[in-house]
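Read the figures in this text as sums done on the coordinates, not as results from a lab. On a predicted model such as this, the values are computed, not experimentally measured, just so you know. Glycine gets a Cβ as well: all are built from the backbone with ideal geometry, and neighbour counts include every protein chain shown.
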Amino acid sequence: MKPFLILQLRPETEASDDEYAAFLAKGGLTAEQTHRIRLEQEDMPELDLSDYSGVIVGGGPGCVSDPIDKKDPLEAKIEAEILSLMPQITENDIPFMGCCYGIGILGHHLGASVSKEQYGEPVGPTNCKITAADPMLDGVPDEFLAFVGHKEALQYLPDGAVHLLASDPCPFQMIRYKQNVYATQFHPEADSAGFELRIRLYKNKGYFHPDEADSLIAMCRAADVHAPERILRNFVKRYGR
């Protein structure tokens, strides 16, 4: 099998390692079946994406919609490097799964509005509903809980994209472009333990008031969040070759 390229953006090693372990476990992958690049630690190398089964982009604390002069220089560098791959991905319909930050990258690349104007979501589980059938949703219930926590969101569906999942707070939870390019607003790899870690690490990043951390952790522990991982497993099963 060709490896899956996993691009990560989280500057905190503990969060990055936990996210990577979740991609492996929930996707049914071994480390040997992936090429992991932590973009906050190294520059994007020259890549021929035909060498990979697909591309998975993780989440991070940055916002695509932040003005360039307000971005952390490292976040700006990472964003530019990922955006540099998007023409190759979308023009050649290369299998892509953008998780969280990835939907902002895809939407921005496709010329859609990504902003904080509407649809920012509080940290915790949200109820997602299937809006269109798709192979990535095989075995996924019509409604399920997924973990979210975002300052920005797609404001409308990009031209040429298919709307796959919605929630009441944020209508665009998952989209597909062409046949093989996917992105989710929620975190398909996240379980309660992983989200608890992120709440602790990001409690001073403006997602919620720091005093709410313990109650958010309790809420996440009580939530039954298992269906989203099926989407990752479907992606690996369909495109691993």
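Take the residues in the stretch 131-154 that are under 14 Å from the mean Cα position of the chain (by Cα) and not in a loop (DSSP other than H, G, I, E, B); name whichever of them is surrounded by the most Cβ atoms within 10 Å (Cβ to Cβ).
Of everything passing the filter in the stretch 131-154, Leu154 is surrounded by the most Cβ atoms within 10 Å (Cβ to Cβ).
For the stretch 12-53, which positions are under 26 Å from Asp93 (Cα atoms) and touching a Gly at 6+ places or on another chain (Cβ under 6 Å)?
Within the stretch 12-53, Glu19, Ala22, Ser53 qualify.
Please identify the pairs in which a residue from the stretch 47-63 that is part of a strand (DSSP E or B) has its Cβ atom under 6 Å from the Cβ atom of a residue that is of a type in the set (Gly, Ala, Ser) and buried (at least 23 other Cβ atoms within 10 Å of the Cβ), counting only partners at least 6 apart or on another chain.
Listed pairs, sorted by first residue: Val57/Gly98; Val57/Gly102.
Could you tell me whether any residue of the stretch 169-189 is exposed (fewer than 15 other Cβ atoms within 10 Å of the Cβ) and either in contact (Cβ under 8 Å) with a residue 24 or more places away in the chain or under 18 Å from Met136 (Cβ atoms) (or both)? Walk me through how you get there before you give the answer.
Quick first cut of the stretch 169-189, residues exposed (fewer than 15 other Cβ atoms within 10 Å of the Cβ) only: 179.
Restricting the remaining residues to those that are either in contact (Cβ under 8 Å) with a residue 24 or more places away in the chain or under 18 Å from Met136 (Cβ atoms) (or both) gives 179.
Yes, the stretch 169-189 has at least one match.
Output the qualifying pairs, or none if there are none: Cβ atoms under 8 angstrom, residues six or more apart or on different chains, first residue in the stretch 1-13 and closer than 17 Å to Gly27 by Cβ, second residue among the basic types (Lys, Arg).
Pairs found: Met1/Arg241; Lys2/Arg241; Ile6/Arg36; Gln8/Arg36; Gln8/Arg38.
Quick check: is even one residue across the stretch 214-234 of a type in the set (Lys, Arg), farther than 22 Å from Leu49 by Cβ and surrounded by fewer than 21 Cβ atoms within 10 Å (Cβ to Cβ)?
Just the residues of the stretch 214-234 that are of a type in the set (Lys, Arg), to begin with: 221, 230, 233.
Within this subset, residues satisfying the condition of being farther than 22 Å from Leu49 by Cβ are 221, 230.
The next check asks that each one be surrounded by fewer than 21 Cβ atoms within 10 Å (Cβ to Cβ); those that pass are 221, 230.
Looking through the stretch 214-234, at least one residue is of a type in the set (Lys, Arg), farther than 22 Å from Leu49 by Cβ and surrounded by fewer than 21 Cβ atoms within 10 Å (Cβ to Cβ).
Just one of (1) aliphatic (A, V, I, L, M); (2) outside any loop (DSSP other than H, G, I, E, B); (3) crowded, with 24+ Cβ neighbours inside 10 Å trips up Ala166, so point out which.
(3)
Which one of these is over 20 Å from Arg238 (Cα atoms), charged (D, E, K, R) and in a helix (DSSP H, G or I): Glu117, Glu32, Glu19? So that I can check it myself, show each step before the final result.
Numbers: Glu117 fails: in a helix (DSSP H, G or I); Glu32 fails: over 20 Å from Arg238 (Cα atoms).
Result: Glu19 is the single residue among Glu117, Glu32, Glu19 that is over 20 Å from Arg238 (Cα atoms), charged (D, E, K, R) and in a helix (DSSP H, G or I).
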